[in-house]
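As structure tokens, the structure follows; a few thoughts come after it.
The values are calculated or read from the model by the stated rules, or taken from the named source; none is laboratory data. All of these numbers come straight from a predicted model, not from anything done at the bench. So basically every Cβ, Gly included, is an ideal-geometry build from the backbone, and we count neighbours across all protein chains shown. To get the accessible areas, we keep the full protein, side chains included, count just its heavy atoms, and leave off ligands, DNA and RNA. Shrake-Rupley method; radii C 1.70, N 1.55, O 1.52, S 1.80 Å.
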Amino acid sequence: LVSAVSVFFIGCGINLYHGIHALLQRQAVEPFTPLIIGLLLFSLALEFWTFTVALKEIGGWAGLRENRTNTTVLAVLLEDAVALLGILLTLLVAGISFIWGPNPVFDATVAIFVGVLLGVMALFLATLNRKLLIDASDPDVDAPAREWLASQDIRADVKSLILDDDRAVVFVRAHHEVRDTFAIGEALKGQLATKGKKIDAVYWKYAASH
């Protein structure tokens, strides 16, 4: 997540710098050659392919919200989306340049727009997954674990700690003595696994009064 956000922010800074510099110190822009157009179209095809692969990996449009904490795939998806838009805008610049001649102002404006878009994507990705950067619990783990323990006649408070998008550790604070905590912990891990939650470890402690 940090790596992806860093790449977005660096791209944002570079695009903004070049765009603003081109606006302040305008220079003649070379027209697009057939080779450059061909490379842009080739890049468009590659980015579209990786975008479709990432979208399929995350579960399609329907699974995008459900798997939004899959930061690795989501970062690739957002990066490819921005790249596709950037290439399309560059092809638009090329088309305008071919019809009306090179336009340095429009070229610089597009660079600034792409830079702002990269910055927005970086903030969006970081905000969406900020819980992975702090010690946060997963309510989808806490509630089922507490209910399952209650079904085993174990009164306890449960608090999980998120390690990754689908991994966590669980802390069980029992209100009475519990025997064979290892076996119960393993059974709890198996129960939560049926709900798609991978628990690395279950740690036990007792209330202060006990």
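The table below gives the values:
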{"item": "Residue in region 193-202 that is open to solvent by 70 Å² or more (accessible area, probe 1.4 Å) and at pLDDT 85 or above present", "result": "yes"}
{"item": "Cβ pairs under 8 Å, 6+ apart, first in region 162-191 and more than 19 Å from ASP138 (Cβ to Cβ), second of a type in the set (Asp, Glu)", "result": "HIS175/ASP157"}
{"item": "Within region 154-185, considering residues that are of a type in the set (Asp, Glu) and assigned to a loop (DSSP other than H, G, I, E, B), the one nearest to the chain's Cα centre (by Cα)", "result": "ASP165"}
{"item": "Top-ranked residue of region 156-192 - restricted to ones that are open to solvent by 90 Å² or more (accessible area, probe 1.4 Å) and among the basic types (Lys, Arg), ranked as modelled with the highest pLDDT", "result": "LYS159"}
{"item": "Residue in region 21-29 that is exposed (fewer than 14 other Cβ atoms within 10 Å of the Cβ) and within 27 Å of ALA75 (Cα to Cα) present", "result": "no"}
{"item": "Test: residue in region 144-155 that is within 29 Å of LEU74 (Cβ to Cβ), open to solvent by 40 Å² or more (accessible area, probe 1.4 Å) and at pLDDT 90 or above", "result": "no"}
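Quick grid of which residues meet (1) touching a Ser or Thr at 6+ places or on another chain (Cβ under 7 Å); (2) at pLDDT below 80:
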| residue | (1), (2) |
| --- | --- |
| GLY60 | no, yes |
| ARG68 | no, yes |
| ILE87 | yes, no |
| ALA122 | no, no |
